[in-house]
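Following: one structure in structure tokens, then a few remarks.
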Amino acid sequence: MLPVPAPIRVEDIASHPDFQPLRAIDGIAVDLRYAHEGNFTGRVLYRGIDCAWLRREAADGLRAAAAQLARARPGWRLVVLDALRPQRVQQAIWDEFAGGGLEQYFAHPERGSIHSWGLAVDATLQDASGRELDMGSAFDAMTPLSHPELEPRHLALGVLRAEQVDARRTLREAMAAGGFAGIGNEWWHFDHGDRTHARTRLPRVL
């Protein structure tokens, strides 16, 4: 078995050939929620580090996703809420917030979040007027209402509206066009490529 590549410090990302800045991707808006206080912790988690990056293959996928959304809903844009998340931040989140039944929302640091390989994107939608769509729950709302797998039940119970589910479906379809796959418990989270390949064949960002 090939050895796992040596990790990369986030401070060195700008000079690494396998990573691309989000600013190079047309058709998206960027609002990294962990880079300011508008997140579930109420604190800046990316203080002093630039996390507006993805691996090139994910960046290419996001470009394709944005193009698909523009075709399907002219004037709409993807809003990137999180992209590269260094391991040090993932560890800090786990240390503070894991427990109390919230483990399903955090990748264990030993296994690692695919965000820390630059191959995951958290995203939402912005309409032609520049307003974020109502997705039925907030980003990082760690409740069953955020679970795509439970949408039929929530729609039947009336706790999600048809337009909210439609917005989520539009987001998923756009991201799928770029090679991204969602997960069952976070409508905003999408992985690009195979998780096992990332964890065993690519360098993690610290």
- Message: Quick check: pseudo-label points 7 Å beyond the Cα along Cα→Cβ at residue 155 and residue 18, how many nm apart are they?
- Response: 3.9
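Counting pairs of alpha carbon atoms under 8 Å apart in space and at least six apart in sequence, what relative contact order in percent does the range 33-110 give? Could the numbers behind the result be given before it?
Working: 47 pairs, mean separation 19.4, N = 78.
After rounding, I find 25 percent.
Tell me, what is the FRET efficiency for residue 166 and residue 40 to the nearest 0.05, using R0 = 22 angstrom and their Cβ-Cβ distance as r? Can you show the working numbers first?
Details: r = 25 Å, r/R0 = 1.15.
Computed FRET efficiency for residue 166 and residue 40 comes out at 0.30.
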- Note on the structure: Share of accessible surface on carbon and sulfur in the chain, whole %, 1.4 Å probe and ligands ignored, is 52
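May I ask you to list the trypsin sites (Lys or Arg not before Pro) in the range 130-167 that are in a DSSP loop and have at most 12 other Cβ atoms within 10 Å of their Cβ?
Numbers: sites: 131, 153, 161; in loops: 131, 161.
When the trypsin sites (Lys or Arg not before Pro) of the range 130-167 are filtered for loop state and at most 12 Cβ neighbours within 10 Å, 131 remain.
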- How much accessible surface area, in Å² rounded to 10, belongs to the heavy atoms of residue 4 with a 1.4 Å probe? 90
- Task: May I ask for the angle, rounded to the nearest 10°, between helix 87-97 and the longest principal axis of the chain, with both axes built from Cα atoms and the value confined to 0 to 90°?
- Result: 60
- Query: Tell me, what is a quarter of the convex hull surface for the C-alpha atoms of the chain, in nm² with one decimal?
  - Reply: 11.7
- Query: How far is the Cα center of the range 105-178 from the Cα center of the range 70-100, in Å?
  - Reply: 11
- Query: For the Cα atoms of the chain, what angle does the longest principal axis make with the long axis of helix 162-177, in degrees from 0 to 90, nearest 10?
  - Reply: 40
- Do you know the relative contact order of the chain, to the nearest whole percent, from alpha carbon pairs under 8 angstrom that are 6+ apart? 28
- Per DSSP, loop GluC sites (Glu not before Pro) in the range 99-141 with at most 16 further Cβ within 10 Å: 110
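Per residue, what volume in Å³ does the Cα convex hull of the range 145-205 take up?
So the per-residue Cα hull volume is 85 Å³.
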- Message: Out of the trypsin sites (Lys or Arg not before Pro) in the range 31-113, which ones are loop residues according to DSSP with at most 13 other C-beta atoms within 10 Å?
- Response: 43, 47, 111
- Per residue, what accessible area does the range 88-183 have, given a 1.4 Å probe and all protein chains present, in Å²? 45
- Mean residue ellipticity (222 nm) of the chain, computed from DSSP H runs ≥ 4 via -39,500 (n - 2.57), nearest 500: -8500 deg cm²/dmol
- Query: Using a simple spin-label model with points 7 Å from Cα along the Cα→Cβ vector, what separation in nm is obtained for residue 95 and residue 129?
  - Reply: 4.4
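The values are calculated or read from the model by the stated rules, or taken from the named source; none is laboratory data. Since the structure is predicted, the reported quantities are computational estimates derived from the model, not experimental observations. Counting neighbours? That spans all protein chains shown, and the Cβs are built from the backbone with ideal geometry, glycine included. The protein model used for the area step is the full one, side chains on, heavy atoms only, and it has no ligands, DNA or RNA in it. Shrake-Rupley method; radii C 1.70, N 1.55, O 1.52, S 1.80 Å.
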